[in-house]
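Enquirer: Got a structure for you, written out below as structure tokens; questions coming shortly.
The values are calculated or read from the model by the stated rules, or taken from the named source; none is laboratory data. From a predicted model like this one, the values you see are computed outputs, not experimental measurements. Every residue, glycine among them, receives a Cβ derived from its backbone with ideal geometry; neighbour counts consider all protein chains shown. Accessible surface areas use protein heavy atoms only, side chains included; no ligands, DNA or RNA. Shrake-Rupley method; radii C 1.70, N 1.55, O 1.52, S 1.80 Å.
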Amino acid sequence: MNGLLELALVAAQRAADLLVEGWAQREVVSTKSSGTDVVTQMDRGSEALLIEALLDQRPDDGVIGEEGGRREGTSGVTWVIDPLDGTVNYLYGLPVWGVSVGALVDGIPQVGVVNAPALGSVWAGALSEHRMATHNGTAIAVSDCSSLDQALVATGFGYRSEVRAEQAAIVAQLLPEVRDIRRAGAAAVDMCWVAQGCVDAYFERGTHLWDRAAATVICRAAGAEVIGPDGGEATDALTIAGNPGLAQQLRARLMDAELS
Ligand code: IPD
Ligand code: CA
């Protein structure tokens, strides 16, 4: 596992450097699920760099990348990468964006790195026998907030208008019942902030595996639960993260009110 973590750290750092170097020249080259779901040339450049860096060292691994990089492997290791999480922030010159590199071993998230250079933050995590979660090399832990009404809750919104309307309805119901809501613009960073105790919990409908794979490892290694609508594995339909008691409270609240 150590080798995977080292490789993820090196590859994510190289991609982060590329994104910083190219930030001033960013331009939209395409859109995806809606006209506001943009892709810059830097999303693609970062993904190409990551795939090359990872497969150069481990040619038998598989890859799932947000920008289309797909490769079946034979080693049992699959890299799940978001080459630029928080693209809209990156486009507007806001600092909350990062590179997310996760490794699944036999389908289970085991290693994760999220590198957010404009925040000066690198989060790393590993499960299995080398369990660790760090921020810039220092061990981190999820908050001990035990009550939803005291919780600072991060969330995010998708790019499609009809999904947004449902997400807004959820936030409207939840906002009076929690300390406050944060929408920073990068799911992987939101989840790492849960791992670090900078927010107490996170939930979002409509994420993808590349948004959450790396950060799931970091959260779990820091003592958080990352769960889906039925309390099992997080799904694209719903991801919830927080300390175990709080994650369960948030899940119950979302389900009770038929919010998810
Ligand atoms: C998005 C961001 C955003 C979240 C969306 C994601 P992208 O990823 O993480 O915070 O709310 O669900 O799609 O498009 O910037 O890689
Ligand atoms: Ca992305």
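Enquirer: When you check Asn136 against the structure, is it modelled with pLDDT of 95 or more, more than 16 Å from ligand 2 (Cβ to nearest atom) and either within 21 Å of Trp193 (Cβ to Cβ) or among the aromatic types (Phe, Trp, Tyr) (or both), yes or no?
Expert: yes
Enquirer: Whether any residue in region 75-88 is modelled with pLDDT under 95, within 14 Å of ligand 1 (Cβ to nearest atom) and within 26 Å of Cys219 (Cα to Cα) is what I want to check.
Expert: The answer is no; no qualifying residue exists.
Enquirer: Within region 99-115, does at least one residue satisfy the condition of being within 16 Å of ligand 1 (Cβ to nearest atom), over 14 Å from the mean Cα position of the chain (by Cα), buried (at least 18 other Cβ atoms within 10 Å of the Cβ) and modelled with pLDDT of 95 or more?
Expert: Within region 99-115 (the criterion being within 16 Å of ligand 1 (Cβ to nearest atom), over 14 Å from the mean Cα position of the chain (by Cα), buried (at least 18 other Cβ atoms within 10 Å of the Cβ) and modelled with pLDDT of 95 or more), the answer is no, since none of the residues qualifies.
Enquirer: Quick check, is Asp37 among the charged types (D, E, K, R) and either modelled with pLDDT of 90 or more or away from ligand 1 (no atom under 15 Å from the Cβ) (or both)?
Expert: no
Enquirer: Only one residue in Ser128, Ser147 is modelled with pLDDT under 95 and away from ligand 2 (no atom under 16 Å from the Cβ). Which one?
Expert: Step by step, each of Ser128, Ser147 is checked, and only Ser128 is modelled with pLDDT under 95 and away from ligand 2 (no atom under 16 Å from the Cβ).
Enquirer: Could you tell me which residue of region 217-232 is farthest from ligand 2 (Cβ to nearest atom), considering only residues that are open to solvent by less than 40 Å² (accessible area, probe 1.4 Å) and assigned to a strand (DSSP E or B)?
Expert: Ile227
Enquirer: Further question on the same structure: In the set Thr235, Thr239, which member is open to solvent by less than 10 Å² (accessible area, probe 1.4 Å), among the β-branched types (Val, Ile, Thr), closer than 27 Å to Val77 by Cβ and within 14 Å of ligand 1 (Cβ to nearest atom)?
Expert: Criteria check complete, one pass: Thr239.
Enquirer: Next up: Within region 194-216, which residues are within 10 Å of the chain's Cα centre (by Cα) and either more than 14 Å from ligand 2 (Cβ to nearest atom) or not in a helix (DSSP H, G or I) (or both)?
Expert: Taking region 194-216 and keeping what is within 10 Å of the chain's Cα centre (by Cα), we get 207-216.
Once the filter is applied, which keeps residues that are within 10 Å of the chain's Cα centre (by Cα) and either more than 14 Å from ligand 2 (Cβ to nearest atom) or not in a helix (DSSP H, G or I) (or both), region 194-216 yields Thr207, His208, Thr216.
Enquirer: Can you confirm whether region 248-259 contains a residue that is over 15 Å from the mean Cα position of the chain (by Cα), at pLDDT below 95, within 23 Å of Tyr159 (Cα to Cα) and not in a helix (DSSP H, G or I)?
Expert: yes
Enquirer: If you don't mind, there's one more thing I want to ask. Checking the structure you have, find out if any residue of region 14-27 is assigned by TED's automatic domain parsing to the domain that holds Leu127, out of contact with any helix residue (DSSP H, G or I) (no Cβ under 6 Å at 6 or more places or on another chain) and either within 13 Å of ligand 2 (Cβ to nearest atom) or among the aromatic types (Phe, Trp, Tyr) (or both).
Expert: Checked against the condition, which is being assigned by TED's automatic domain parsing to the domain that holds Leu127, out of contact with any helix residue (DSSP H, G or I) (no Cβ under 6 Å at 6 or more places or on another chain) and either within 13 Å of ligand 2 (Cβ to nearest atom) or among the aromatic types (Phe, Trp, Tyr) (or both), region 14-27 yields at least one hit.
Enquirer: Only one of (1) under 17 Å from Gly242 (Cα atoms); (2) outside the structural domain of Pro244 (by TED's automatic domain parsing); (3) part of a helix (DSSP H, G or I) is not met by Glu129, so which one is it?
Expert: The single condition Glu129 does not satisfy is (1).
Enquirer: OK, next. Please specify each residue of region 180-193 satisfying the condition of being within 10 Å of ligand 1 (Cβ to nearest atom) and assigned to a helix (DSSP H, G or I).
Expert: Ala187, Ala188, Val189, Asp190, Met191
Enquirer: Now a separate question. Working carefully through the options Ala151, Ala224, find the one that is of a type outside the set (Asp, Glu), within 26 Å of Ala8 (Cα to Cα) and touching a strand residue (DSSP E or B) at 6+ places or on another chain (Cβ under 7 Å). Walk me through how you get there before you give the answer.
Expert: On the way: Ala151 fails: within 26 Å of Ala8 (Cα to Cα).
Answer to the check: Ala224.
Enquirer: Within region 138-167, track down each residue that is aliphatic (A, V, I, L, M), assigned to a helix (DSSP H, G or I) and open to solvent by less than 60 Å² (accessible area, probe 1.4 Å). I'd like the intermediate steps shown before the answer.
Expert: From region 138-167, those aliphatic (A, V, I, L, M) are 139-142, 148, 151-154, 163, 165; that's our starting set.
Now drop any that are not assigned to a helix (DSSP H, G or I), which leaves 148, 163, 165.
Result: Leu148, Val163.
Enquirer: Now a separate question. Collect the residues in region 44-76 that are open to solvent by 10 Å² or more (accessible area, probe 1.4 Å) and touching a residue at least 40 places away in the same chain (Cβ under 8 Å), keeping them in residue-number order.
Expert: Within region 44-76, Ala53, Gln57, Arg58, Ile64, Glu66 meet the criteria.
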